[in-house]
Amino acid sequence: MFSASSPVCIGNPASVNYLGSASAAATYTWNFTGGTPSSPSGQGPHNVSYGTAGTYFLNLTVTENGCVSPITQLEVIVNPIPTSNFTVTSPICLDGNATVTYTGTANTSSVYNWNFGGGITPIQVGQGPFEVKWLTPGTKTISLDVNALGCQSLPFTQTIEVLPLPTVDAGLDQQSCSGATVNLGTPALPGYTYFWSPGVGLTDINSAQTTASRTNNLAQPIDYEYILRADDGQCIAYDTVVYRVTAPP
């Protein structure tokens, strides 16, 4: 009769202890098929390691004073070490979300210990996937370790670059009489492309600065809202300006 710790993780030995009545001088015939050591001698205790997950059987017979015991058999369940690998979209813009997708070997019932490096996501537990955003630009580090069936993975990390949004300034709100012309926007920045919407009443919708002219045949002022989009080749930002056109006298 003997005991064996089970389940165990790959690389963590199962502790095998003889519990019978034979003396240390008896002959102990162990069979630890698939384990290391595979056939130890002596009463023990023994530590048996396994390199592959699965179910293994341990057998023992004891011979003492010419008497042989019945074969005793136990099983040891060896669980795999999970992996904690994941992918993340990078780079992203400051107003966007990074998609974090788990690609390791653990199942959904495992315990996932995420650290999103200051990122914000509605749900921070479980396997994911997750949509994560940050409030500041820069290099962020995401890390994960997983516990599956009591077996702990090595930690895994990924970095992500959060890009700042381009600077965009549609200028101060403007006001004029019906049919007059006003200037909208501010000077362009190098490397940026611009686009105004809507384009009604503007002389150039693809310039950081443009002129606007609208008419008003009503008794009360009309407010026209224009949106300026700035694109630095990686990220896009928007700013809004209001152009109020007063009624003619």
N31: passes all of (1) outside any strand (DSSP E or B); (2) modelled with pLDDT under 95 but (1)
Residue identified as assigned to a strand (DSSP E or B), in contact with a strand residue (DSSP E or B) (Cβ under 7 Å, 6 or more places away or on another chain), open to solvent by 50 Å² or more (accessible area, probe 1.4 Å) and β-branched (V, I, T) among I205, I227: I227
Output the residue which, of all residues in segment 63-80 that are open to solvent by less than 60 Å² (accessible area, probe 1.4 Å) and in contact with a Gly (Cβ under 9 Å, 6 or more places away or on another chain), is farthest from G34 (Cα to Cα). S69
Taking segment 81-113 and the residues there that are in a strand (DSSP E or B), within 28 Å of Q234 (Cα to Cα) and free of Cβ contacts under 8 Å to residues at least 60 places away in the same chain, the one that is least open to solvent (accessible area, probe 1.4 Å) would be V100
Which of the residues belonging to segment 208-224 are part of a loop (DSSP other than H, G, I, E, B) and over 47 Å from the mean Cα position of the chain (by Cα)? S213, R214, T215, N216, N217, L218, A219, Q220, P221
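Of L154, L184, which residue is open to solvent by 80 Å² or more (accessible area, probe 1.4 Å) and either at pLDDT 95 or above or part of a strand (DSSP E or B) (or both)? Steps first, answer last, please.
Numbers: L184 fails: open to solvent by 80 Å² or more (accessible area, probe 1.4 Å).
After applying the criteria, what remains is L154.
Could you list, in sequence order, the residues of segment 99-115 that are more than 15 Å from T157 (Cα to Cα) and out of contact with any Pro (no Cβ under 9 Å at 6 or more places or on another chain)?
Filtering segment 99-115 for residues more than 15 Å from T157 (Cα to Cα) gives 105-111.
Selection gives T108, S109, V111.
Is one or more of the residues making up segment 163-175 open to solvent by 50 Å² or more (accessible area, probe 1.4 Å) and in contact with a Cys (Cβ under 8 Å, 6 or more places away or on another chain)? Before the answer, list the steps.
Pass one, segment 163-175, residues open to solvent by 50 Å² or more (accessible area, probe 1.4 Å): 164-165, 167, 169, 172-175.
Filter once more, keeping what is in contact with a Cys (Cβ under 8 Å, 6 or more places away or on another chain): 164-165.
Yes, because at least one residue in segment 163-175 is open to solvent by 50 Å² or more (accessible area, probe 1.4 Å) and in contact with a Cys (Cβ under 8 Å, 6 or more places away or on another chain).
Just name the residue that is nearest to A26 (Cα to Cα) out of those in segment 51-62 that are under 48 Å from the mean Cα position of the chain (by Cα) and crowded, with 18+ Cβ neighbours inside 10 Å.
Applying the first criterion (under 48 Å from the mean Cα position of the chain (by Cα)) to segment 51-62 yields 51-60.
The next check asks that each one be crowded, with 18+ Cβ neighbours inside 10 Å; those that pass are 56, 58, 60.
Values: Y56: 25, L58: 19, L60: 12 Å.
Out of the qualifying residues, it is L60.
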Check D239 against each of (1) among the charged types (D, E, K, R); (2) more than 15 Å from D173 (Cα to Cα); (3) open to solvent by less than 70 Å² (accessible area, probe 1.4 Å) and name the one condition it does not meet. (2)
Just to be sure, is Q220 in contact with an Asp or Glu (Cβ under 8 Å, 6 or more places away or on another chain) and either open to solvent by 40 Å² or more (accessible area, probe 1.4 Å) or at pLDDT 95 or above (or both)? no
Those residues that are more than 18 Å from V78 (Cβ to Cβ), not in a strand (DSSP E or B) and not aliphatic (A, V, I, L, M), I need them from segment 1-28; list them, please. G20, S21, S23
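The values are calculated or read from the model by the stated rules, or taken from the named source; none is laboratory data. These figures come from a predicted structure and were not determined experimentally. Glycine also receives a Cβ, built like all others from the backbone with ideal geometry; neighbour counts cover every protein chain displayed. Ligands, DNA and RNA are excluded from the accessible area calculation, which covers all protein heavy atoms including side chains. Shrake-Rupley method; radii C 1.70, N 1.55, O 1.52, S 1.80 Å.
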